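The values are calculated or read from the model by the stated rules, or taken from the named source; none is laboratory data. Quick caveat, the model's predicted, so the values are computed rather than measured. Counting neighbours? That spans all protein chains shown, and the Cβs are built from the backbone with ideal geometry, glycine included. Remember, those area values only see protein heavy atoms, side chains included, never the ligands or the DNA or RNA. Shrake-Rupley method; radii C 1.70, N 1.55, O 1.52, S 1.80 Å.
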Amino acid sequence: MKNEYRKPLTLTLQDLYEDYIVYNSRPSYEDNPWLKAEEDQSNFLTAREMIISKMPMIVHEACLTNNVQDLLKLVNVEIPKNLYTFNDRESYEHLINQITNDNKKIFFQYIHGEQLCKGEDYAVYKPRFIDLNNKAKIAQWTSGKYLPKREIVERNEFDEKIKHWKLPLVIKPGDELPTAGGYGVMICYNEDDLNKAIARIKEASDTKSIIIEQFIEEVDNYCVQYVYSEKTGIQYIGAVKQLTDEYGFYNGNTNSTEVPQKVIDAGYEIMKNGVEYGYKGVSGFDLLIDKDGQVFAIDLNFRQNGSTSMLLLKDRMNDAYQKFLSYHSKGDNTHFIQTIKKYIVAGYLYPLSYYDGDYFGKDAVKSRFAGIWHAETESKALEQEQSFLEELSSTNK
């Protein structure tokens with residue numbers, strides 16, 4: 001194997017939270033029109049931060065099988081012992097009640113209904129957490145800076161207000177419901193796009209306000225990340241470049257070693273405002289630079305991000321280029337995991353989590369994998385990824 005991966009992490013999530021905090025990255029089973037993750041995808045998310053955590057976590061049992069253990073052993077990592085496990089909605093919701101009844105608090109990646117967990121049982125008091133992640137309140141955390149032209153309108157005013165905007169534009173929900181992966185962001189280039197967005201807004205009947213926003217023609221798209229605890233203070237842990245399609249849907253991240261200081265400073269100011277409001281933990285802020293060099297804040301995530309693990313693990317890989325992405329099997333789960341193992345052993349792929357579809361029966365559910373490509377050069381890493389994708393497609397099933 002090219003890398004030994006024996007260097008310990010210098011910072012984990014455990015360093016940011018008290019012993020009575022339990023981490024939970026699963027979206028609620030409750031319906032959310034702006035976060036339409038499949039059940040298996042939501043379960044898969046529960047183990048994404050397992051390697052960087054060291055703290056108690058809620059993890060689905062399919063992320064903790066012998067196959068998962070074998071993958072992690074290849075990079076000298078063991079499945080933690082301090083996990084809370086579940087296997088379906090009933091056991092998940094029972095677990096939430098059990099944890100809070102034991103006088104523990106939960107850091108929720110996504111808010112849950114009041115009937116599942118009271119506001120005071122959140123690691124960050126729920127009303128504060130909602131405020132920090134509400135797209136309509138972004139100006140509060142940026143001190144009114146770095147904002148595209150935007151208008152927050154009541155639902156019943158939207159049809160009239162949108163007539164005064166020119167395409168292209170961006171539409172977002174303006175309430176407390178969480179979004180992820182670009183699913184709740186509607187970029188409208190033409191009338192057809194706008195009509196689809198209007199139809200989605202009509203379906204989301206519980207959404208009370210809508211954000212209409214200027215479309216920024218980006219030159220660079222950064223997610224700058226920070227951590228805060230009383231012990232660490234505010235620390236900048238790095239930045240990634242976001243890979244999205246033309247409609248803003250998330251396609252992974254690559255590490256960014258050269259980040260403009262004005263982007264880092266803007267993110268630090270935003271983090272400082274959040275900390276003063278009561279936030280503790282990891283944050284990632286989506287900051288764009290346009291052709292004139294102006295910085296725009298388009299989304300603020302006061303919570304862990306998909307690429308947080310890549311930033312905290314960067315010294316273990318010690319390679320110039322890194323890329324975070326997830327994949328699912330084509331139907332043959334055995335072929336999928338064998339292919340993954342091949343590239344881990346070769347020293348180009350670092351495993352973060354694996355959702356073992358065979359937990360439910362042989363090839364009953366497609367397995368999913370999250371990992372980091374890494375190599376001395378971008379071309380080498382992408383060459384390995386392309387080879388990996390071709391091998392995945394070579395299965396006869």
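Worth a mention:
- Tabulated pairs, the range 253-266, first closer than 14 Å to Ser307 by Cβ, second among the hydroxyl-bearing types (Ser, Thr, Tyr) and assigned to a strand (DSSP E or B), C-beta under 6 angstrom, 6+ apart or interchain: none
- Boolean, Gly233 is under 19 Å from Gln304 (Cα atoms), out of contact with any helix residue (DSSP H, G or I) (no Cβ under 6 Å at 6 or more places or on another chain), of a type in the set (Gly, Ala, Ser) and not in a loop (DSSP other than H, G, I, E, B): no
- Taken together, Ile171, Ile201, Ile210, Ile152 contain a single residue that is open to solvent by 70 Å² or more (accessible area, probe 1.4 Å), more than 30 Å from Thr257 (Cβ to Cβ), of a type in the set (Val, Ile, Thr) and in contact with a helix residue (DSSP H, G or I) (Cβ under 7 Å, 6 or more places away or on another chain), which is Ile152.
- The C-beta contact set for the range 54-74 (first residue charged (D, E, K, R), second residue open to solvent by less than 50 Å² (accessible area, probe 1.4 Å) and assigned to a loop (DSSP other than H, G, I, E, B), distance under 6 angstrom, 6+ apart or interchain) comprises Lys54/Thr12.
- Residue in the range 125-140 that is under 30 Å from Lys272 (Cβ atoms), acidic (Asp, Glu) and outside any helix (DSSP H, G or I) present: no
- Flag if Val259 is touching a Phe, Trp or Tyr at 6+ places or on another chain (Cβ under 9 Å) and open to solvent by less than 20 Å² (accessible area, probe 1.4 Å): no
- The set of residues from the range 343-397 being open to solvent by less than 60 Å² (accessible area, probe 1.4 Å), in contact (Cβ under 8 Å) with a residue 60 or more places away in the chain, assigned to a loop (DSSP other than H, G, I, E, B) and out of contact with any Ser or Thr (no Cβ under 7 Å at 6 or more places or on another chain) comprises Ala346, Gly347, Tyr348, Val365, Thr395.
- Tyr327 vs. criteria over 30 Å from Asp70 (Cβ atoms) and surrounded by fewer than 22 Cβ atoms within 10 Å (Cβ to Cβ): no
- Of everything listed in (1) assigned to a helix (DSSP H, G or I); (2) over 25 Å from Gln140 (Cβ atoms); (3) open to solvent by 40 Å² or more (accessible area, probe 1.4 Å); (4) not charged (D, E, K, R), the single unmet condition for Tyr268 is (2).
- Note on the range 203-222: among residues that are among the charged types (D, E, K, R) and part of a loop (DSSP other than H, G, I, E, B), the one that is modelled with the highest pLDDT is Glu217.
- Pairs with Cβ under 6 Å, 6+ apart, first in the range 114-137 and farther than 14 Å from Pro173 by Cα and open to solvent by less than 80 Å² (accessible area, probe 1.4 Å), second at pLDDT 95 or above and of a type in the set (A, V, I, L, M): Leu116/Ile96; Cys117/Ile96; Ala123/Ile21
- Test result for Asn103, of a type in the set (S, T, N, Q), assigned to a helix (DSSP H, G or I) and either over 28 Å from Ala297 (Cα atoms) or open to solvent by less than 20 Å² (accessible area, probe 1.4 Å) (or both): no
- Asp315 meets the conditions (1) acidic (Asp, Glu); (2) over 26 Å from Asp70 (Cβ atoms); (3) open to solvent by 30 Å² or more (accessible area, probe 1.4 Å) in every case but one. The failed one is (2).
- For Ser229, the conditions (1) open to solvent by 40 Å² or more (accessible area, probe 1.4 Å); (2) touching an Asp or Glu at 6+ places or on another chain (Cβ under 7 Å) are fulfilled apart from (1).
- Qualifying residue in the range 287-299 (condition: farther than 30 Å from Glu213 by Cα and open to solvent by less than 10 Å² (accessible area, probe 1.4 Å)): no
- Restricting the range 1-28 to residues that are open to solvent by 40 Å² or more (accessible area, probe 1.4 Å) and farther than 24 Å from Lys81 by Cβ leaves a set whose member that is modelled with the lowest pLDDT is Met1.
- Residue that is farthest from Glu61 (Cα to Cα) [pool: residues in the range 75-94 that are open to solvent by 80 Å² or more (accessible area, probe 1.4 Å) and assigned to a loop (DSSP other than H, G, I, E, B)]: Glu78
- Boolean, Gly184 is open to solvent by 10 Å² or more (accessible area, probe 1.4 Å), part of a loop (DSSP other than H, G, I, E, B) and not aromatic (Phe, Trp, Tyr): no
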